[in-house]
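Bear in mind that the values in this text are calculations on the coordinates, not laboratory data. Just so you know, these numbers come straight off a predicted model, no measurement behind them. Here the Cβ positions follow ideal geometry from the backbone for every residue, glycine too, while neighbour counts run over all protein chains shown.
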Ligand code: SAM
Ligand code: DTB
Ligand code: SF4
């Protein structure tokens, strides 16, 4: 690495969350030797969090498949011939039972996902009941419902919603190559509505879709430079879904994924960085490297939305082996 880019990297205070990042600065982070990058990310992590505590959220797909959108990675788009069957919105009692089971196993947050472009008002009313009842169990609540119309975020806030998940997924430049039915600006608009309603923002992206390192850096810049960085930043490794356009994508070097986690940690020092989709395909050792690089949140439970996640026994055993506690 050149001395000039090292100087650019080290001149940035790690906890300066008001710093506006440039893509060049982030590329300089990516170019650090891996040990130096992890050392630096671990330092930022320890300044802001208990390094041995990992937050656990359980996911439930409350409305699966049949989505109008064309996101090239997604099993739930109606445009691709995948194994995912279209289902109706789940009944309230089944959702509450799943949340109770997740709580009993040790999850602190319950995230409900729907394969919609955005919720219709009558669908939203049913989701509001889910939020109220899951909240009443004493869990934090999160939903991911797609793009919101005026007034919908306020209703979610009133129902007691803690987090809204809405990923930027990739940077503005690459977005149009992956998704054509809505724009990156549409995603930013919903994030603004969520922020203005006083709900915590959960927003991150997917790595391994054929984007360049510059696109990955651009995604992180767009997240970190939001008026306020998201409280929660999920970093998903692409889960290749047969039948989708990205099914046969080349696998990304796992160290590039670790670098992305480390850069996210350094750029968003006080955000929870979530090691999200793709854990099932990772060794325990690779996941541990991600934790060392600053990931401190994960999805916990045998399923993500339509694909498998490590079973809870494997995760519990890993936590015990690492001396990590769940929060
Ligand atoms: N329809 C809503 C939306 O798009 O915001 C909510 C559900 S959508 C499935 C939630 C997120 O899951 C996507 O933004 C994407 O980041 C992630 N995701 C979907 N399919 C994935 C895959 N095959 N691999 C990794 N992440 C994926
Ligand atoms: C997020 O960033 N990842 C989760 C959650 N937010 C909704 C979804 C991952 C989905 C992985 C593919 C699937 O199971 O369908
Ligand atoms: Fe629909 Fe969300 Fe899947 Fe895109 S990512 S196809 S919006 S469910």
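Could you give me the percent of Cα pairs per 20 Å distance bin for the chain, shortest bin first, beginning at zero and ending with the bin that holds the maximum distance?
Answer for the chain: a P(r) of 33, 61, 6, 0 percent.
Please give the residues of segment 82-111, grouped as numeric ranges, whose backbone N is less than 18 Å from a label point set 7 Å along the Cα-to-Cβ vector of residue 129.
Residues 88-100 fall inside that zone.
Subtract the Cα-Cα distance of residue 212 and residue 255 from 0.36 nm times their separation in residues, and report this length gain in nm to one decimal. Intermediate results must be reported in sequence, preceding the final value.
Working: separation 43, 0.36 × 43 = 15.48 nm, distance 1.44 nm.
The residue 212-residue 255 span can extend by a further 14.0 nm.
Suppose R0 equals 35 Å. What FRET efficiency, 1/(1 + (r/R0)^6) with r the Cβ-Cβ distance, do residue 317 and residue 50 give to the nearest 0.05? Before the final figure, lay out each step's value.
Values: r = 21 Å, r/R0 = 0.59.
According to the calculation, E is roughly 0.95.
How much length, in nm to one decimal, is gained on full extension between residue 189 and residue 68, taken as 0.36 nm per residue of separation minus their Cα-Cα distance? Show your work: numbers first, answer last.
Values: separation 121, 0.36 × 121 = 43.56 nm, distance 1.92 nm.
Length difference between fully extended and current span is 41.6 nm.
Got the relative contact order for segment 170-237 handy, in percent, Cα pairs under 8 Å and 6 or more residues apart?
Numbers: 64 pairs, mean separation 28.9, N = 68.
Over segment 170-237, the number comes to 42 percent.
Taking 0.36 nm per intervening residue step and subtracting the Cα-Cα distance, what contour gain separates residue 285 from residue 120 on full extension? Before the final figure, lay out each step's value.
Details: separation 165, 0.36 × 165 = 59.40 nm, distance 4.30 nm.
Using 0.36 nm per residue and subtracting the Cα-Cα distance, I get 55.1 nm.
Can you give the helix-only mean residue ellipticity at 222 nm for the chain, where every DSSP H stretch with n ≥ 4 adds -39500 (n - 2.57) and the sum goes over all residues, rounded to the nearest 500 deg cm²/dmol? Write out the running numbers ahead of the final one.
Values: 12 runs with 136 residues, N = 327.
My calculation for the chain gives -12500 deg cm²/dmol from helical runs alone.
When only C-alpha pairs under 8 Å and at least 6 residues apart count, what is the relative contact order of the chain, in percent? Write down the numbers at each step before the final one.
Values: 616 pairs, mean separation 75.9, N = 327.
Once divided by the residue count of the chain, the mean separation gives 23 percent.
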